[in-house]
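Below is one structure, written out as structure tokens; comments come after it.
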């Protein structure tokens, strides 16, 4: 395997804090734009946000990918309308809060997969993206099932049992996750092929 384990390293090199800062800001803008492309659903909208997060993770690597998502959450917490449907920091305590926090882990794991060489072929990239997308449901459903109560949040979506959690927070998104994972795999492997032809 080459020394360049991620797309950003192969395309832009690894040096310079300024370059990394620009990548982080570009990544947050990309994710924020993708978050606005949504299909309204209750209680959680379906967006292209996770597609963008996987691309950022696979392209940036684990550390820079996670830093990008922490920056993205900080932008929302400061009041910028970067989350789905123009939401800001209030979304962090709403029904999507577990997913939003889980996005950091999602980017980290995608970056780790890239660093391990699992994001070079279409099949392995798609499989990695599907597994990582499935893992996002752990914090996503833990938040409305129990964690929000620990923080003293009271709402109709707090403390739900498994059946409504499955029906509202998981099942409607599974097919979309598979489709987005395949699209991510095609985009990432296509980018690697384009770089190889340079």
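Things to note:
- Test result for residue 185, within 20 Å of residue 46 (Cβ to Cβ), surrounded by 16 or more Cβ atoms within 10 Å (Cβ to Cβ) and either more than 14 Å from the chain's Cα centre (by Cα) or at pLDDT 95 or above (or both): yes
- Some residue of segment 17-37 being touching a residue at least 60 places away in the same chain (Cβ under 8 Å), in contact with a strand residue (DSSP E or B) (Cβ under 6 Å, 6 or more places away or on another chain) and surrounded by 16 or more Cβ atoms within 10 Å (Cβ to Cβ): no
- Residue within segment 108-131 that is closer than 23 Å to residue 93 by Cβ, in contact with a helix residue (DSSP H, G or I) (Cβ under 6 Å, 6 or more places away or on another chain) and part of a helix (DSSP H, G or I) present: yes
- Among the candidates 169, 151, residue that is modelled with pLDDT under 90 and closer than 23 Å to residue 37 by Cα: 169
- Residue in segment 135-152 that is assigned to a loop (DSSP other than H, G, I, E, B), over 19 Å from residue 6 (Cα atoms) and without any contact (Cβ under 8 Å) to a residue 12 or more places away in the chain present: yes
- Comparison of 143, 157 shows that the only residue that is farther than 24 Å from residue 113 by Cβ, at pLDDT 85 or above, in contact with a helix residue (DSSP H, G or I) (Cβ under 7 Å, 6 or more places away or on another chain) and buried (at least 17 other Cβ atoms within 10 Å of the Cβ) is 143.
- Residue satisfying condition, being surrounded by fewer than 24 Cβ atoms within 10 Å (Cβ to Cβ), without any contact (Cβ under 8 Å) to a residue 60 or more places away in the chain and part of a helix (DSSP H, G or I), within set 69, 51, 80, 73: 73
- For residue 173: the one exception among (1) touching a helix residue (DSSP H, G or I) at 6+ places or on another chain (Cβ under 8 Å); (2) crowded, with 16+ Cβ neighbours inside 10 Å: (1)
The values are calculated or read from the model by the stated rules, or taken from the named source; none is laboratory data. Note that the coordinates shown come from a computational prediction; the quantities given were computed from them, not determined experimentally. Here the Cβ is made from the backbone with ideal geometry for all residues, glycine too, and neighbour counts use every protein chain on show.
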